[in-house]
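The values are calculated or read from the model by the stated rules, or taken from the named source; none is laboratory data. Nothing here was measured: the structure is a model prediction, and the numbers come from that model. Cβ placement follows ideal geometry from the backbone for every residue including glycine, while neighbour counts extend to all protein chains displayed.
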Amino acid sequence: MSASAFLQEGAAAAQRFTLTTPRHGPANRTGSALGARAGSSLEFRDYRGYEPGDDLRHVDWSAFARSDQLSVKLFREEVAPHLDLLIDGSKSMALAGSAKLQGTLALAGFFAAAAANAGYSHSGWQLGAEAAPLGDYRHRPAEWDAIRFEHRDSPVRALADVAARWRPRSARVLLSDLLWNADPGQAARMLADRASTAVVVQVLAHADVNPPVSGHLRLLDSESDEVREVRIDAAAAARYRENLARLQGHWHDACRAVGAVFTTVVAEDVLRDWRLDPLVAAGVLEVG
């Protein structure tokens with residue numbers, strides 16, 4: 001199947017789902033139920049607390065005189081819900097002999113469709129040496145530019161690059177195996193900064209989660225091309241699982257600290273049954 005086919009498969013699986021804003025998200029300020037009619041960019045919608053860098057022309061000085069609290073007026077263009085969907089373009093995302101690539105593409109299509117079901121616009125970004133837009137907000141995922149998994153380093157630099165281009169108070173979803181050497185706290189903070197919702201979905205293959213428990217293996221690092229001959233026994237497999245659990249714990253703690261949601265999915269399981277219960281329980285998705 002082509003990349004477009006997996007994107008379409010994910011979009012079809014999202015038919016009953018809508019993207020929502022968790023009650024305890026990083027900044028629960030974005031409306032998700034705006035009227036469908038077009039509005040002027042001068043159309044007032046809401047208030048929020050003042051943040052450094054805000055346009056002083058939008059400060060409500062009357063409210064300040066009453067409450068001694070600075071607040072700014074939000075207009076239609078600032079509160080219309082939008083999803084920035086981020087796809088890790090690392091080579092490890094295309095693990096040979098696994099469904100990680102296909103699952104990632106299908107999840108991208110799923111989140112874009114769930115966002116559209118909730119009235120969100122959306123933008124797709126691929127994180128490689130830099131952040132590359134996948135078409136524009138008018139394109140359905142199946143029409144996105146070619147998605148390539150060829151990057152050999154951490155996507156954190158690309159994440160920092162694209163952060164300046166995100167819409168304030170957008171929802172952000174990162175799809176990645178997170179198998180790169182970088183500070184989870186730094187990435188989580190960038191993802192959650194001025195966001196309505198921030199979600200990190202760790203996409204792993206069955207082979208990532210369940211390594212062999214015995215035998216001699218020839219391991220190829222998909223990003224450095226380093227080859228290692230190793231002997232696996234029960235103790236080595238246990239250490240691997242402990243290290244993976246430690247990595248996931250660091251990401252969980254980093255996301256919780258900034259109000260983001262963290263979950264892990266296994267690509268083969270997602271493609272089989274599309275059970276995303278943790279995201280429903282966290283308030284990221286609603287089932288219609």
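Which residue out of R241, R256 is basic (K, R) and under 15 Å from the mean Cα position of the chain (by Cα)?
Exactly one residue qualifies, and that residue is R256.
Does any residue in segment 263-283 that is free of Cβ contacts under 8 Å to residues at least 40 places away in the same chain come within less than 6 Å, Cβ to Cβ, of a residue that is surrounded by 17 or more Cβ atoms within 10 Å (Cβ to Cβ) six or more places away or on a different chain, and which pairs are these?
P278/T263
I'd like to check which strands (runs of 3 or more DSSP E) are fully inside segment 147-228 and have at least 3 residues that are among the aliphatic types (A, V, I, L, M) and under 23 Å from L19 (Cα atoms).
Here the list reads 171-176, 197-204.
Only residues that are crowded, with 20+ Cβ neighbours inside 10 Å and either in a helix (DSSP H, G or I) or among the charged types (D, E, K, R) (or both): list them for segment 253-267, please.
Answer for segment 253-267, where residues must be crowded, with 20+ Cβ neighbours inside 10 Å and either in a helix (DSSP H, G or I) or among the charged types (D, E, K, R) (or both): A254, C255, A267.
Mind listing whichever residues of segment 138-168 are touching a His at 6+ places or on another chain (Cβ under 9 Å) and surrounded by fewer than 16 Cβ atoms within 10 Å (Cβ to Cβ)?
Hit for segment 138-168 is D145, nothing else.
Does segment 110-128 contain any residue that is without any contact (Cβ under 8 Å) to a residue 12 or more places away in the chain and under 16 Å from the mean Cα position of the chain (by Cα)?
yes
I need every pair where a residue in segment 60-72 that is not assigned by TED's automatic domain parsing to the domain that holds P168 has its Cβ under 8 Å from the Cβ of a residue that is assigned to a loop (DSSP other than H, G, I, E, B) and surrounded by fewer than 10 Cβ atoms within 10 Å (Cβ to Cβ), sequence separation at least 6 or different chains.
Sorted first by the residue in segment 60-72, then by its partner, the pairs are V72/D55.
For residues in segment 271-288 being hydrophobic (A, V, I, L, M, F, W, C) and within 16 Å of the chain's Cα centre (by Cα), which is modelled with the lowest pLDDT?
A282
So G119 fits all but one of (1) part of a helix (DSSP H, G or I); (2) surrounded by fewer than 22 Cβ atoms within 10 Å (Cβ to Cβ); (3) modelled with pLDDT of 90 or more; what number is the exception?
Unmet for G119, out of (1) part of a helix (DSSP H, G or I); (2) surrounded by fewer than 22 Cβ atoms within 10 Å (Cβ to Cβ); (3) modelled with pLDDT of 90 or more: (1).
Can you find even one residue in segment 210-229 that is in the same structural domain as P22 (by TED's automatic domain parsing), of a type in the set (A, V, I, L, M, F, W, C) and in contact with a Gly (Cβ under 6 Å, 6 or more places away or on another chain)?
No: zero hits.
Looking at (1) touching a residue at least 40 places away in the same chain (Cβ under 8 Å); (2) at positive phi, which is the one condition that is false for I147?
(2)
Can A114 be described as at pLDDT 80 or above, in contact with a Ser or Thr (Cβ under 9 Å, 6 or more places away or on another chain), outside any loop (DSSP other than H, G, I, E, B) and crowded, with 23+ Cβ neighbours inside 10 Å?
yes
Evaluate the following for P278: is it part of a loop (DSSP other than H, G, I, E, B) and either outside the structural domain of A96 (by TED's automatic domain parsing) or not basic (K, R) (or both)?
Judged against the criteria, P278 is not a match.
Look through E286, E242, E229 and report the one residue that is acidic (D, E) and under 15 Å from L179 (Cα atoms).
From the options E286, E242, E229, the qualifying one is E242.
For R256, are the conditions met, namely being within 12 Å of V200 (Cβ to Cβ), of a type in the set (D, E, K, R) and free of Cβ contacts under 8 Å to residues at least 12 places away in the same chain?
Answer is yes for this residue.
From the residues in segment 169-181 that are more than 11 Å from G89 (Cβ to Cβ) and buried (at least 19 other Cβ atoms within 10 Å of the Cβ), which one is modelled with the lowest pLDDT?
R169
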